[in-house]
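First comes the structure, then the notes that go with it.
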Amino acid sequence: MTDRHAHVIGLGLIGSSVVLALREAGWLVTGSDISPDVVREALDVELIATDVMNDECSLVVIATPAGVVADVAWTVLRSLSNPALIVTDVAGVKRDIVRSVTDPRFLGSHPMAGSELRGIKGAKADLFQGCTWILTPTETTTAAVYSTLHSIWRELGAAVVAVSAEDHDRLVALASHVPHIVAGSLMNEASLAAQEDAVLLQLAAGGFRDMTRIAAGDPTIWPDILFQNRDAITGALLSLEERLATIRHALASGDRAQIEAGLLSASIARRQLPGRALRSDDLTYLRIPMPDRPGVLAAITMVASEMLVNIYDIEIAHGIEGTAGTLLLAVDREQVDAFEKALEEESFVVVREP
């Protein structure tokens, strides 16, 4: 983008970290917050240049509690007239927001990053390095908005993936929301036990500390997230309760084989968690002509997400004389064969770069 002026609404840990990361990437960043004290602190420490949002902004990031994101987004979309404007958010729940904000200039997103620290003092410019940043495109999402926001988050060091808002909420219920509930429950149980045996918390070893670290996060942001995603979270909790009940029964009956099988499958799955960083020569570049119809970009990115294919870079080569443009993708060389086949099965034409 040539117009690199961003405004961040909500200067908590994530919002302030977005400010720092964008500034480090060369953006002019303004910001605002519902709390005058937070705005004053942000200005005093020179986190933001000003708290005024104006028509020069080409990117607005909404980092408020999830329950108010839609209202804030519509306010921004109606008040700013920059034709290049992109509005996004960082909320941990997406379905209700995406359904409510139907303007094509809005694209929901969610960085899977955080810290036990809070507010401006806990913000870090490198918070998003290596994290997964989710985009939730819809049939109204334009290729220009998607590719621009994808490039911005990639510039901050994130691995960007796309899923539908409904799939996002179902998946993060298990990957993020339920772990936070479990960590908090385990911490509360240990704290209660420590009232009778004070030495317990002194004996807490690395495993316990690793499992409960996220319980130290800001508790004020979680009620909105949990209630907005209650259906997916409830389903995930029921499945987890059944798994724990199975383990309890295996212990009661002395079923050693079942205990060992459960621990073995968990160990294998844990070691297979993605985390491999790629060099440029490990990537394959694809060209995909973009048919002129709604939802094409969303369809392509959904195929990638369903196959766990990470798009490391994305670019739109705009057509000439009214012709459709071309989507340029960089993907893992080891995944490209299956990805290309899946796209062709969806009637896309795929050409590999030499």
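Table: residues versus (1) buried (at least 18 other Cβ atoms within 10 Å of the Cβ); (2) out of contact with any helix residue (DSSP H, G or I) (no Cβ under 6 Å at 6 or more places or on another chain); (3) modelled with pLDDT of 95 or more; (4) not basic (Lys, Arg).
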{"residue": "13", "(1), (2), (3), (4)": "yes, no, no, yes"}
{"residue": "17", "(1), (2), (3), (4)": "yes, yes, yes, yes"}
{"residue": "61", "(1), (2), (3), (4)": "yes, no, yes, yes"}
{"residue": "75", "(1), (2), (3), (4)": "no, yes, yes, yes"}
{"residue": "84", "(1), (2), (3), (4)": "no, yes, no, yes"}
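Among the listed residues 246, 220, identify the single one that is β-branched (Val, Ile, Thr) and either closer than 16 Å to residue 179 by Cβ or at pLDDT 85 or above (or both).
Within the list 246, 220, the selection yields 246.
Name the residue that is nearest to the chain's Cα centre (by Cα), counting only residues in region 251-271 that are polar (S, T, N, Q) and farther than 22 Å from residue 175 by Cβ. Quick ask: steps written out before the conclusion?
Taking region 251-271 as the starting set, the residues that turn out to be polar (S, T, N, Q) are 253, 258, 265, 267.
From what is left, the residues that are farther than 22 Å from residue 175 by Cβ are 253, 258.
On the way: 253: 42, 258: 35 Å.
Only one residue fits best here, namely 258.
Of 166, 189, which residue is among the charged types (D, E, K, R), free of Cβ contacts under 8 Å to residues at least 40 places away in the same chain and out of contact with any Phe, Trp or Tyr (no Cβ under 7 Å at 6 or more places or on another chain)?
Answer to the check: 189.
Restricting to region 124-159, count the residues that are modelled with pLDDT under 90 and farther than 22 Å from residue 291 by Cβ.
4
Identify the residue in region 317-354 that is within 26 Å of the chain's Cα centre (by Cα), crowded, with 18+ Cβ neighbours inside 10 Å and among the aliphatic types (A, V, I, L, M) and, among all such residues, is modelled with the lowest pLDDT.
Across region 317-354, the extreme among qualifying residues is 327.
Within region 297-309, how many residues are crowded, with 17+ Cβ neighbours inside 10 Å and outside any helix (DSSP H, G or I)?
1
Could you tell me how many of the residues in region 175-187 are under 24 Å from residue 306 (Cα atoms) and at pLDDT 90 or above?
Within region 175-187, residues that are under 24 Å from residue 306 (Cα atoms) and at pLDDT 90 or above number 3.
When the residues of region 130-164 are narrowed to those that are farther than 18 Å from residue 331 by Cβ and under 11 Å from the mean Cα position of the chain (by Cα), which ends up surrounded by the fewest Cβ atoms within 10 Å (Cβ to Cβ)?
It comes out as 131.
The values are calculated or read from the model by the stated rules, or taken from the named source; none is laboratory data. If you're wondering where the values come from, they're calculated on a predicted model, not measured in any experiment. A quick note on method: Cβ atoms are made from the backbone with ideal geometry, for glycine too, and the neighbour counts reach across all protein chains shown.
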